[in-house]
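The values are calculated or read from the model by the stated rules, or taken from the named source; none is laboratory data. This one's a predicted model, so the numbers in the text were calculated from it and none came from an experiment. Here Cβ is always computed from backbone atoms with ideal geometry, including for glycine, and neighbour counts include all displayed protein chains.
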Amino acid sequence: MTEQHSKLYYTDDEITVRDMRQEDAAIITQEELAQGWDASIDKYEMRLRDRQEKSAVVMVAEYQEHVAGYINVYPESKWGAYADKGYPEIVDFGVLEKYRRHGIGSKLMDVAEQVAGKYSDKVYLGVGLHSGYGSAQRMYVKRGYVPDGSGVWYCDKVCKPYAACCNDDDLVLYLLKELR
């Protein structure tokens with residue numbers, strides 16, 4: 001698939017969800033830096049390589065023709081609570097702050113769940129536990145995601161009871177959703 005003929009997953013009068021393009025990586029990184037996030041283009045370039053290797057579906061949302069958000073589906077995830085169990089994982093989901101509250105995040109999740117549903121009847125994701133993830137935590141619960149029961153994970157491993165950890169982006173709770 002060439003960049004000019006990327007897949008279109010959804011479109012309406014304001015929101016379009018399509019395959020991520022190389023130029024989107026720079027746009028998203030620049031916008032995240034401008035809103036004070038610790039951002040690096042490396043993450044998006046890695047996602048694009050994963051898509052090229054056919055291990056991920058890598059998507060962006062446009063709002064009124066401006067790149068506004070992103071989401072990725074790994075059909076056969078190799079990490080987290082359901083690694084190598086045949087369930088797709090939704091990874092690295094975000095909407096730029098200036099585009100929030102327009103339904104973009106919900107539409108990205110709708111599309112990601114549709115993509116995941118082609119591979120399994122369940123999908124999972126890991127959500128951070130600090131307050132920066134508060135809106136995502138609420139969204140996932142409203143969408144029917146439930147904790148998987150493995151407890152909190154830190155640095156890609158189950159965090160043992162009473163073990164030391166840091167409330168950073170590596171402290172996550174895995175959630176699972178039945179798609180059908």
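Data table
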| quantity | calculated |
| --- | --- |
| Condition check for Glu3: over 27 Å from Tyr154 (Cα atoms) and modelled with pLDDT of 95 or more | no |
| Residues of the range 73-90 that turn out to be closer than 23 Å to Leu171 by Cβ, surrounded by fewer than 21 Cβ atoms within 10 Å (Cβ to Cβ) and modelled with pLDDT of 95 or more, as a count | 0 |
| Enumerated strands (runs of 3 or more DSSP E) restricted to the range 12-128, each holding at least 3 residues that are under 29 Å from Tyr154 (Cβ atoms) | 57-63, 66-74, 89-95, 122-128 |
| Failed item, numbered, when Tyr87 is tested on (1) on the phi > 0 side of the Ramachandran plot; (2) in contact (Cβ under 8 Å) with a residue 24 or more places away in the chain; (3) not small (Gly, Ala, Ser) | (1) |
| Residue pairs meeting the criteria (Cβ under 7 Å; at least 6 apart or on separate chains; first in contact (Cβ under 8 Å) with a residue 24 or more places away in the chain and over 11 Å from Leu48 (Cβ atoms), in the range 17-33; second of a type in the set (D, E, K, R) and surrounded by 17 or more Cβ atoms within 10 Å (Cβ to Cβ)) | Val17/Lys107 |
| Residue among Ala34, Ala25, Ala61, Ala68 that is surrounded by 20 or more Cβ atoms within 10 Å (Cβ to Cβ), out of contact with any strand residue (DSSP E or B) (no Cβ under 7 Å at 6 or more places or on another chain) and under 25 Å from Gly103 (Cβ atoms) | Ala25 |
| Criterion violated by Cys155 - all others in (1) in contact (Cβ under 8 Å) with a residue 24 or more places away in the chain; (2) over 17 Å from the mean Cα position of the chain (by Cα) satisfied | (1) |
